[in-house]
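S.K.: Please read through the structure below; I'll follow up with questions.
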Amino acid sequence: MARAADVVVESLLAHGTDRIFCVPGESYLALLDALSGRPEIDVVACRHEGGAGFMALADAKMTGRPGVVAVSRGPGATNVSIAIHSAEQDAVPLIVLIGQVARQERGRGAFQEVDYVKTFSDMAKAVWEVHDAARLSETVARAYHVAQQGTPGAVVIALPEDMLSDDCADASAPVLPVAGSAPGEADLDQAMDLLARAQSPVLIAGGALSDGAGRMALARAAEAHHLPIALAFKHQEIFDNASPLFAGYLGFKIPKPQVEAMAGADLVIAVGTRLGDVPTQGYTFPRAPQPDQPLIHVYPDPAKVGGVYRTDLGLACDPTAFLNALAARNAEVSGARRAWAARLNRSAVAMADYTPEERPDGVDFGAVVAPLARQAPRESILVLDAGNFSSWVHRIWPWDGSQLSIGAVGGAMGLGVPGAVAACLRHPGRPVLCFVGDGGVLMTGNELATGMARGAAPKIFVSNNGSYGTIRLHQERDYPHRSVATNLTNPDFAAWGRAFGAEGLTISRAEDAEDVVAQALACERAVVVDVRSSLEAISAYTTVTELRRGR
């Protein structure tokens, strides 16, 4: 007979899990004990459940497999909820294991008792509490299947602490394959017919194409049909931005001209994206519920196709398979389409042009991103926390379609440092660059301690402008001169980094950026760079003064 906790470990191994992020708790001691004798699974002890969840989320983004996080009941579970919500927003597979109170205590208001089905039903794809150890391996198998099928997301498994010590006769660990689908010939005929009639099409590419096969299929389809490619929020890295077919980036708060340049499209092909509010710029491109132009929408989840927009062709199939099939079809490319693609590309190239300016209140953050873009090795992994500072990275970085970038599509602050630590653990031989604001870094920056304990060496660049910048931008736009609750009093982040054992550097003048960047990249251990950045230069696209003028 096997102990139930050991069955959980066998099931995790059967599904290819090699790393678990956790904050230990007494409610799942048996599972921790079962992991102690299994070196095949690396157990990463974190400093906060939110950080552990973000690490698991980032790990899933890198591997394409479900990330796994284990937390204790009550406070631990509610702390990890930010990762559950982010998994739903970002369409990332995540397995959340929660220690639960003992079965005989359920329903009595026991210490730290929570009904997780009620708590997480709106964020997780499924929530199960296992009372019968005989159902454990089946439940774990279902969790991995559900987390990856259709739109990926989080699955929560609550494990009563006494159940984990039960004997379990069946220690088998089934694996349920994820179902796939490809477009039919009639579907491709219809897609080709719509494409043949279009002189000015645009293909919006999303996160379901972020793996290597998806990127190759996207490039092939673009070349075969001379399709301008617009990239969805936080997925700018999946297509070569230097390609003449690059049409721009549909990110958060980008300038209107970027979208207006695409407004003349006579066909929108959305592939691998749910077409949420950010890439569609508030459901205006394409317009919901009735687009201004024909719409082809390809996404693996039938619930996401045709639910918000009227589609002329909606395909619930593998986006990569669709693009490969489309690329295999021969087609004539008109001169009008070539001219349209060139016009969009000129607009995108013009938008990417950026020259940092001298600012009286600090460093234009672009003056730091630009030398990093020149000096950092091509194989560097970029981890972006949520905030306006990331606009410089999106605008300036030479994305060539090969890089790995990790960001929070759902806009959750705090992914930066935990994500960078996870990237160092997953790819120990590659440079990891973290961009984070002074708000986000003090939410989860304590996970630098986790990184230092494991020998991780991320290079963390903190945009320190003394403000919750994104909210301040909205305040200045809607309520000029009336900012409330967005000013921050910060520590010396270089000294803060040194307190963890990292190298601490400071950039307070733009002319120092080149040398400090070189010093940070050359350092063999973790580095925290305190960039005393300008609040006036609140994003790569606008300033506080311009916002107050209504521009």
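S.K.: For the range 190-204, which residues satisfy the criterion of being touching a Lys or Arg at 6+ places or on another chain (Cβ under 9 Å) and either among the hydroxyl-bearing types (Ser, Thr, Tyr) or surrounded by fewer than 18 Cβ atoms within 10 Å (Cβ to Cβ) (or both)?
M.R.: 192, 199, 200
S.K.: Then there's this: Any residue in the range 346-363 that is buried (at least 21 other Cβ atoms within 10 Å of the Cβ) and within 30 Å of residue 197 (Cα to Cα)?
M.R.: Yes, the range 346-363 has at least one match.
S.K.: I've got another one for you. Select from the range 294-310 the residues that are surrounded by fewer than 19 Cβ atoms within 10 Å (Cβ to Cβ) and within 20 Å of residue 93 (Cα to Cα) and list them in ascending order. Steps first, answer last, please.
M.R.: Of the range 294-310, the ones surrounded by fewer than 19 Cβ atoms within 10 Å (Cβ to Cβ) are 301-303, 306-308, 310.
The answer is 301, 302, 303.
S.K.: Also: Kindly check whether there is at least one residue in the range 358-368 that is in a helix (DSSP H, G or I) and either in contact with an Asp or Glu (Cβ under 6 Å, 6 or more places away or on another chain) or farther than 27 Å from residue 403 by Cβ (or both).
M.R.: no
S.K.: Let me ask something else about it. Any residue at all in the range 66-73 that is out of contact with any helix residue (DSSP H, G or I) (no Cβ under 7 Å at 6 or more places or on another chain) and of a type outside the set (Val, Ile, Thr)?
M.R.: No.
S.K.: Sort through 259, 278, 268 and tell me the only one that's aliphatic (A, V, I, L, M), in the same structural domain as residue 197 (by TED's automatic domain parsing) and in a helix (DSSP H, G or I).
M.R.: On inspection, the qualifying residue turns out to be 259.
S.K.: Given the criteria of a type outside the set (S, T, N, Q) and assigned by TED's automatic domain parsing to the domain that holds residue 193, does residue 378 qualify?
M.R.: Values: of a type outside the set (S, T, N, Q): yes; assigned by TED's automatic domain parsing to the domain that holds residue 193: no.
Spelling it out, it is not the case that residue 378 is of a type outside the set (S, T, N, Q) and assigned by TED's automatic domain parsing to the domain that holds residue 193.
S.K.: Does the range 91-128 hold any residues that are of a type in the set (Lys, Arg) and part of a loop (DSSP other than H, G, I, E, B), and which are they?
M.R.: Residues satisfying the conditions are 106, 108, 125.
S.K.: Hey, another quick one. Given the conditions (1) in contact with a strand residue (DSSP E or B) (Cβ under 9 Å, 6 or more places away or on another chain); (2) basic (Lys, Arg); (3) under 27 Å from residue 453 (Cα atoms), and given that residue 47 satisfies all but one, which numbered condition is not satisfied?
M.R.: All conditions are met except number (1).
S.K.: Output the residues belonging to the range 509-547 that are hydroxyl-bearing (Ser, Thr, Tyr) and either under 24 Å from residue 383 (Cβ atoms) or under 28 Å from the mean Cα position of the chain (by Cα) (or both).
M.R.: Hits for the range 509-547 are 533, 534, 539, 541, 542, 543.
S.K.: Does residue 382 satisfy the criteria of being in contact with a strand residue (DSSP E or B) (Cβ under 7 Å, 6 or more places away or on another chain) and more than 26 Å from residue 61 (Cα to Cα)?
M.R.: Answer is no for this residue.
S.K.: Now for a different question. Can you run down the residue pairs with Cβ atoms below 9 Å, 6 or more apart or on separate chains, where the first is in the range 502-526 and not assigned by TED's automatic domain parsing to the domain that holds residue 420 and the partner is surrounded by 17 or more Cβ atoms within 10 Å (Cβ to Cβ) and in a strand (DSSP E or B)?
M.R.: Cβ pairs passing all conditions: none.
S.K.: Go through the range 121-148 and report how many residues are free of Cβ contacts under 8 Å to residues at least 40 places away in the same chain and of a type in the set (Phe, Trp, Tyr).
M.R.: 1
S.K.: So how many residues does the range 293-311 have that are touching a residue at least 24 places away in the same chain (Cβ under 8 Å) and either of a type outside the set (D, E, K, R) or within 16 Å of residue 201 (Cβ to Cβ) (or both)? So that I can check it myself, show each step before the final result.
M.R.: Taking the range 293-311 and keeping what is touching a residue at least 24 places away in the same chain (Cβ under 8 Å), we get 293-304, 308-309.
Restricting the remaining residues to those that are either of a type outside the set (D, E, K, R) or within 16 Å of residue 201 (Cβ to Cβ) (or both) gives 293-300, 302-303, 308-309.
Counting residues in the range 293-311 that are touching a residue at least 24 places away in the same chain (Cβ under 8 Å) and either of a type outside the set (D, E, K, R) or within 16 Å of residue 201 (Cβ to Cβ) (or both) gives 12.
S.K.: Here are 321, 331: which of them is closer than 29 Å to residue 267 by Cα and either out of contact with any helix residue (DSSP H, G or I) (no Cβ under 9 Å at 6 or more places or on another chain) or part of a loop (DSSP other than H, G, I, E, B) (or both)?
M.R.: 331
S.K.: Still on this structure: Do you know which residues across the range 491-507 are acidic (Asp, Glu) and outside any strand (DSSP E or B)?
M.R.: If the condition is that a residue be acidic (Asp, Glu) and outside any strand (DSSP E or B), then 492 is the only one that fits.
S.K.: Would you be able to tell me the number of residues in the range 83-135 that are within 25 Å of the chain's Cα centre (by Cα) and either polar (S, T, N, Q) or in the same structural domain as residue 444 (by TED's automatic domain parsing) (or both)?
M.R.: 4
S.K.: Right, something else. It is to be established whether one or more residues within the range 510-519 are outside any helix (DSSP H, G or I), closer than 18 Å to residue 365 by Cβ, of a type in the set (Gly, Ala, Ser) and modelled with pLDDT of 95 or more.
M.R.: Just the residues of the range 510-519 that are outside any helix (DSSP H, G or I), to begin with: none.
Within the range 510-519 (the criterion being outside any helix (DSSP H, G or I), closer than 18 Å to residue 365 by Cβ, of a type in the set (Gly, Ala, Ser) and modelled with pLDDT of 95 or more), the answer is no, since none of the residues qualifies.
S.K.: From the list 371, 291, which residue is part of a loop (DSSP other than H, G, I, E, B), modelled with pLDDT of 95 or more and either surrounded by 14 or more Cβ atoms within 10 Å (Cβ to Cβ) or in contact with an Asp or Glu (Cβ under 7 Å, 6 or more places away or on another chain) (or both)?
M.R.: Just one listed residue meets the conditions, 291.
S.K.: On to the next question. Considering 228, 286, 244, which residue is farther than 14 Å from residue 202 by Cβ and either among the polar types (S, T, N, Q) or touching a residue at least 12 places away in the same chain (Cβ under 8 Å) (or both)?
M.R.: 244
The values are calculated or read from the model by the stated rules, or taken from the named source; none is laboratory data. Since the model is a prediction, treat every value here as computed from it, not as a measurement. When we count neighbours, we look across all protein chains shown, and the Cβ atoms used for this are built from the backbone with ideal geometry, even at glycine.
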